[in-house]
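Contents: one structure, followed by commentary.
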Amino acid sequence: MTSWMLRLGRHDERLLHALVLCRRRRLDGTMHALTLLGDASAVVPLALLLLLGGIPEPACTVIISHLAVQALKRAIRRPRPQLPVGIESLVAAPDHFSFPSGHSAATLSLALPLAVALPLPFALGALGLAGLVGASRCYLGVHYPGDVLAGWALAVLGVVAAGCIHL
């Protein structure tokens, strides 16, 4: 591993540790509920519903970003975070690999094409919700912040590849 990757990894780990050490019990349930919005059991039905309703872009971006996430997870094989002693993940990780965050990619892959089509208050709500899902993955201890940022980047690339947004 190159020195810049090691330095980046150390910063990522420090940020995650700072976040999980600031957890509050009253937020735990909310963060758990938010993270469920990025599960396949939530994303796939919503994408299919939109597809059947004549809005194909979210389904296309979810497929593109999912394929990219899975390819990178298997190529990079970054292990899930090791949390400080006495701190545990608040949810079970869906697989062994952390980079990139599939939940973050999936929710932003749905939110971005919808945000383009929705009035501003609803667009901001969709994007904010996707942002909270990404934050929940770190809060719950199953992803580093860099994993979430990479998931969001893949969602943006998926949206561009699907032709929903032109850069």
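The values are calculated or read from the model by the stated rules, or taken from the named source; none is laboratory data. In this text, all values refer to a predicted model and were calculated from it rather than measured experimentally. Here the Cβ positions follow ideal geometry from the backbone for every residue, glycine too, while neighbour counts run over all protein chains shown.
Can you find a residue in the stretch 52-65 that is farther than 20 Å from Gly151 by Cβ, in contact (Cβ under 8 Å) with a residue 60 or more places away in the chain and surrounded by 14 or more Cβ atoms within 10 Å (Cβ to Cβ)?
Yes, the stretch 52-65 has at least one match.
Run down Leu67, Leu90, Leu129, Leu72 and say which single residue is closer than 25 Å to Asp12 by Cβ and modelled with pLDDT of 95 or more.
Leu129
Take Thr107 and tell me if it is polar (S, T, N, Q) and modelled with pLDDT of 95 or more.
Judged against the criteria, Thr107 is a match.
What is the residue count in the stretch 21-40 for residues that are in contact with a Pro (Cβ under 9 Å, 6 or more places away or on another chain) and under 11 Å from Leu140 (Cβ atoms)?
0
Residues to consider are Pro100, Pro79, Pro94, Pro45; find the one that is under 14 Å from the mean Cα position of the chain (by Cα), of a type outside the set (Asp, Glu) and surrounded by fewer than 14 Cβ atoms within 10 Å (Cβ to Cβ).
Pro94
Which pairs do you get when a residue that is farther than 20 Å from Arg77 by Cβ, found in the stretch 1-17, comes within reach of a residue that is modelled with pLDDT under 90, reach meaning Cβ atoms under 7 angstrom, with the pair 6+ apart or on two chains?
Short answer, once both residue conditions are applied: His17/Pro84.
Name the residues in the stretch 17-42 that are more than 15 Å from the chain's Cα centre (by Cα), hydrophobic (A, V, I, L, M, F, W, C) and part of a helix (DSSP H, G or I), would you?
Correct list: Ala18, Leu19, Val20, Leu27.
As an exercise: evaluate Leu149 against (1) touching a Pro at 6+ places or on another chain (Cβ under 9 Å); (2) over 20 Å from Cys22 (Cβ atoms) and give the number of the one condition it does not meet.
Against the list (1) touching a Pro at 6+ places or on another chain (Cβ under 9 Å); (2) over 20 Å from Cys22 (Cβ atoms), Leu149 comes up short only on (2).
Would you check which residues across the stretch 136-167 are buried (at least 17 other Cβ atoms within 10 Å of the Cβ) and among the small types (Gly, Ala, Ser) and list them?
Residues satisfying the conditions are Ser136, Gly141, Gly146, Ala150, Gly151, Ala155, Gly158, Ala162.
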